[in-house]
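Undergrad: Here it is: the structure, laid out below.
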Amino acid sequence: MERVKSSMQQVPNAIPKVIRRTGGANSLELEKENFERGQVWSPQAVSINKAINTQEVAVKEKHARTCILGTHHEKGAHTFWAAVNRLPLSSNAVLCWKFCHVFHKLLRDGHPNVIKDSMRNKADLTDMSRMWGHLSEGYGKLCSIYLKMLITKMEFHIKNPRFPGNLQMSNRQLDEAGENDVNNFFQLTVEMFDYLECELNLFLGVFSSLDMSRSVSVTAAGQCRLAPLIQVILDSSHLYDYTVKLLFKLHSCLPADTLQGHRDRFQEQFKKLKSLFYRSSNLQYFKRLIQIPQLPENPPNFLRASALSEHISPVVVIPAESSSPESEHMAETDDLVDTDVPSLPAPVETKFDDLFGTSAAIDPFNFNSQNGMRKDDKDRLIEQLTREIQALKDELESFRLESGRLCQVLRGRISELEAELAEQSHLRLQALGESEFLKAELDDLRRVREDTEKEQRSLTEIEKKAQANEQRYTKLKEKYTELVQSHADLLRKNAEVTRQVTVARAAQDEVETVRKEMQEKVKTAQEAADRQEREQLEHLQEIQRELVSSRAELDALKSTVASSQQASSEALGTELATLQSEKAELVQSLSKVEAELVAQGQELERVQSSLVTERESGVKTAESLQNQLNEKESREQTLESQLVAARWSSLQGAVEEAEKIIRDSLAQIDDPAHISCTSSADYLASRCQASLDCMDRLHSAREAFMTDSTGVCELLRVVTQCGHLVGDTIVQGSATSHMVPVEQGDALTESVKKCGAEALSLLEQMKQQDDLAAADDSKLKAALEAIHATAEKLRPRGLELQQGELGDLVEQEMAATSAAVESAAARIEEMLNKSRAVDTGVKMEVNERILASCTELMQAIKELVLSSKELQRDIVESGRGAASMKEFYAKNSRWTEGLISASKAVGWGATVMVDAADLVVQGKGKYEELMVCSHEIAASTAQLVAASKVKADKDSSNLRRLQQASRGVTQATAGVVASTKSGKSQIEEKDTMDFSSMTLTQIKRQEMDAQVLVLELETRLQKERERLGELRKKHYELAGAAEGWGESDEGTG
């Protein structure tokens, strides 16, 4: 019994084990499932902790492989992230670097769900990358770059789920990834460029952190940094291959200019990748682990489609290992189990035999061999799990201790920060006290400065009183300068008003009003300037009178001093005579009055000394007054010389301003922008006449200035006005040369240039004070007279026709208009027959309709011309009286000229419309040109009607007939426009807009192109409308100049 008891005590757990093994099947399966789950999780967690540690050595391949197999076994990365989240990645850069390496391997070779499970931690990875990015060197910067690359890789695979983690795809799978859509291929290429850019940044970051002058690849620290580049090389080779293939595919579908940015970016990445592959292949570390491909010497030429056949996909070769991953995994698992806790079943099993012998077969208490049952694998694994749990508890305890230590460190840091905060608060209070003290000192300094300023102001007032005369003269000079400047401004304003009047000739009545108002303003301003000048002259005369009065006072003082001297000498003589008489009287009684005589002698001496003193003071006073008088005379001479110099400088300024105006006018002759400017001969003649009149006034003002230099104001005014007028003559002469034949235009241009040269020569002579009197203005007058004579020759001849010529011209123009209309109708009929013989179908129908409407318009114009002739005959018969028809036309020349102009416009419009219709029928013209010609004819006929009925009787039957013909022309014009528009819509069929096959990107691109085109057309339309308005304004101006509009206004003005 004792043996049984001792054996029971020694083996306490034997019976429960047997009982548990004989339990139900359900509990056994549940324990087995839990065991298998723990068996899978435990080796993976241990491998993760062994692979990701703080030692600066490369990650062991067997640990990384165990992590990869674990993701395939659990079909995800939950275990990996559960283990990683317990690691202090943010506090140790080497630990974070090795985590990035293992995570990269899992993304490439792990289960596909690793990417999806890892996206939940994207925000944490982004924050970690930003945190490590604050370090500028070491592993911190590399961790930031590596994390950014891993985030980019995850985003790429989420956007493109067809791409596996290791990026290995066939050409067919690559085409399917883009869904055969060029937009998808375009976007996919951009994403690959971004992905490859991150890979290259990591490549460059690692190489830049290594000292390549030493054999860093054989050291543990160097291998720790270089090991992740194997995964980067694998990814980069695939990305480069796919990028080349996609770019060739894009170049076969899109224009080369659209892909210029893609090509530039590929060229840059190709150079970097080639250089990095070459540098990597020379490192000893990579030679035994991976065979790095070499890229071609030159990048592919995507503009040549056949270059795709020359492209060779880079292949990265990894040498085969001696053992398979499965066997190595099993061996690794055994190692992980055996090395943690030593196995203890053997001593337990042999302890009983050592005490009671080895006859276990006959021993009834040997429960290990009872019923053939032995301690199975399940018990050993349970014990193994117990040991692992204990190890994890120890690790958890170490984590708790580490966290407690970190908390203590953080509390110490918090205390330090609170102490610093208290110190900063104390310093802030000190700074506030110092600021208040400084503010008080600043107030004191301000008060002292105010007192000093008051004393300075009092001293300044004393000095101002002493300098009153100098300040008065300075103010006078400033006012005079302001007067000259205001006068020059008024002259410029006058010239600006003159130019505005020239530009606005089309609105003659309004311009005339503005001109009168501006002339009144100029006259008022000139009167004000003259008034100010007179006031300044009166002020100067007042100062001169004060100077004369001061001289008179000085003379009076001199006379007073002389009279005082004379009076004192007379008094002395009288007193001496008295003393002599008294002496003669007192000689007799000398002894009696000796004392009185001594006293009188002393009084005499005192009076003489006082007289000498008074005489000396009078002399000194006279000398000081004489010095003051001399100073005032010298000062007056200085002021007079300064005034003369100011007058001459003002004159030189006016002459220089006139020179600038004339040089600017001469420069405009050769300016290309001035070629489009035109003017009339009438206006040029008026400008020449104004310049000649100004030259006469310049001559008289110059002579007056030479006689009396005070009359400089008139000379300044005339010089400035002459410069403006001559410059305007030069500009208008050049503009007029653009409207006349070439020979006459060249001659006029030469005359204008000669005029400018003579004007500059005259002004150059006037700038010299010695040559002012000898300046000759006859050459300039001769040049102006030559320009005036040329302008008179170029004036329109229509204004100078004789009575017979004017009457004949009316008949000729009306006949020419009728002939032009007849010829146009015949040409239209000829074109209609030709179109019927050549064209067919819709084109023939359109041409017939357009030509028929043109024929109706010609008939209506013909009827209008005939009605106009009849109405003119009635007007002439009723208004000429006893005079002939030609005399009536000559008497009413203005009305006749308008009639001639309207007739010319009608005939010209008919001819142009026929030419446009001919081009439209031939298919070479524009329908819009035909419509514009129709509107122009309608306007010309309206002008003819207005010119015809201006002198007609309101009750005339021919007038009613003319108005009816005018309405017929309007209706026919509308018919031409309508037929042209309908024909255009039939010929130019609109394409149906089918957007069903377009993608969102294509539609958006088409929408942007359409918006750009609309903006361009709107801008062009606005510019063309402005140009049309300017052309109409210029046409109105030239027509008025040619026909003499406003001649009476100019004559009266």
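Undergrad: List, largest first, the extents of the alpha carbons of segment 596-709 along their principal axes, each in whole Å.
TA: Per principal axis, max minus min of the Cα coordinates gives 117, 28, 14 Å.
Undergrad: Something else now. Once the principal axes of the Cα atoms of segment 667-795 are found, what is the range along each, listed largest first in whole angstroms?
TA: Dimensions of segment 667-795 along the principal axes of its Cα atoms: 49, 25, 20 Å.
Undergrad: Using a 7 Å offset from Cα along Cα-Cβ at ASP175, what residues in segment 241-269 end up with backbone N under 19 Å from the label point?
TA: 241-254
Undergrad: Which number comes out as Rg/Rh for segment 190-267 once both Rg and the Kirkwood Rh are worked out on C-alpha atoms? Mind showing how you got there, number by number?
TA: On the way: Rg = 16.5 Å, Rh = 14.5 Å.
Computed over Cα atoms, the ratio is 1.14.
Undergrad: While we're on this one: Starting with the highest mean, order 81-88, 657-664 by the number of other Cβ atoms within 10 Å, averaged over the residues of each peptide.
TA: Peptide ranking by packing, descending: 657-664, 81-88.
Undergrad: Compute from the Cα atoms of segment 116-267 the Rg and the Dmax, the latter being the longest Cα-Cα distance, and quote both in angstrom.
TA: 17.4, 52
Undergrad: Follow-up question, since we're still on this one. Rounded to the nearest 0.05, what FRET efficiency do ALA220 and GLU1007 have when you use their Cβ-Cβ distance and R0 = 56 Å? Mind showing how you got there, number by number?
TA: Values: r = 60 Å, r/R0 = 1.07.
After rounding, the FRET efficiency stands at 0.40.
Undergrad: Using a 1.4 Å probe and counting only protein heavy atoms, arrange ASP1009, ASP955, ASP671 so the residue with the most accessible area comes first.
TA: ASP955, ASP1009, ASP671
Undergrad: Sorted by average packing, counted as other Cβ atoms within 10 angstrom per residue and highest first, what order do 226-239, 193-206, 1011-1024 take? The partial results should precede the final answer.
TA: Working: 226-239: 21.5, 193-206: 19.5, 1011-1024: 10.0.
Per-residue Cβ counts within 10 Å, averaged per peptide and sorted highest first, yield 226-239, 193-206, 1011-1024.
Undergrad: On to the next question. By how many nm would the segment from ASP708 to LYS1033 grow when fully extended, if each residue of separation counts as 0.36 nm and the alpha-carbon distance is taken off? Intermediate results must be reported in sequence, preceding the final value.
TA: Numbers: separation 325, 0.36 × 325 = 117.00 nm, distance 5.01 nm.
Length gained, ASP708 through LYS1033: 112.0 nm.
Undergrad: Same structure again: How far apart, in nm, are the 7 Å Cα→Cβ label points at GLU656 and SER676?
TA: That separation, rounded to one decimal, is 3.6 nm.
Undergrad: Can you tell me how much longer the chain between ILE462 and ASN298 gets when fully stretched, taken as 0.36 nm per residue apart minus their C-alpha distance, in nm with one decimal?
TA: Fully extending the segment from ILE462 to ASN298 adds 50.0 nm.
Undergrad: Would you mind computing, in nm to one decimal, how far apart the modelled labels at HIS78 and GLN1022 are, each placed 7 Å from Cα along Cα→Cβ?
TA: 6.6
Undergrad: Once Rh for segment 709-758 is found with the Kirkwood sum over Cα pairs, what is the Stokes-Einstein diffusion coefficient at 4 °C and 1.567 mPa s, in µm²/s?
TA: Approximately 106 µm²/s, per Stokes-Einstein.
Undergrad: Something else: What FRET efficiency comes out for the pair ALA789/THR258, r = Cβ-Cβ distance, R0 = 56 Å, nearest 0.05?
TA: That pair, ALA789 with THR258, gives E of 0.25.
Undergrad: Alpha carbons only, please: Rg and Dmax for segment 381-447, in angstrom.
TA: 28.6, 96
Undergrad: Using 1/(1 + (r/R0)^6) with R0 = 45 angstrom and r between the beta carbons of ASP693 and ALA942, what's the FRET efficiency to the nearest 0.05?
TA: That gives a FRET efficiency of 0.55.
Undergrad: Structure shown: which of LYS62/LYS116; LYS464/LYS660; LYS98/LYS393; LYS516/LYS1034 lie over 30 Å apart, alpha-carbon to alpha-carbon?
TA: LYS464/LYS660
Undergrad: Using only the Cα atoms of segment 917-978, what semi-axes does the equivalent ellipsoid have when each is the square root of 5 times a gyration tensor eigenvalue? Give whole Å, largest first.
TA: Calculated on Cα positions only, the semi-axes equal 31, 11, 7 Å.
Undergrad: Moving on. Can you report the principal axis dimensions of segment 162-233 using only the alpha carbons, biggest first, rounded to whole angstrom?
TA: Answer, in whole Å and largest first: 50, 19, 14 Å.
Undergrad: Just report the Cα centroid separation between segment 620-656 and segment 663-705, whole Å.
TA: 40
Undergrad: For the ranges 739-751, 859-871, what's the packing order if you count other beta-carbon atoms within 10 Å of each residue, average per peptide, and put the highest first?
TA: Going from most to least packed, we get 859-871, 739-751.
Undergrad: Tell me the carbon and sulfur percent of the accessible area for segment 41-83, rounded to whole percent, probe radius 1.4 Å.
TA: On segment 41-83, the fraction of accessible area on carbon and sulfur atoms equals 56 percent.
Undergrad: Could you give the accessible area per residue of segment 52-129, probe 1.4 Å, as a whole number in Å²?
TA: Details: 3140 Å² over 78 residues.
Spelled out: the 1.4 Å probe surface of segment 52-129, per residue, equals 40 Å².
The values are calculated or read from the model by the stated rules, or taken from the named source; none is laboratory data. This one's a predicted model, so the numbers in the text were calculated from it and none came from an experiment. Here the Cβ is made from the backbone with ideal geometry for all residues, glycine too, and neighbour counts use every protein chain on show. These area figures cover heavy atoms from the full protein model, side chains too; ligands, DNA and RNA do not enter into them. Shrake-Rupley method; radii C 1.70, N 1.55, O 1.52, S 1.80 Å.
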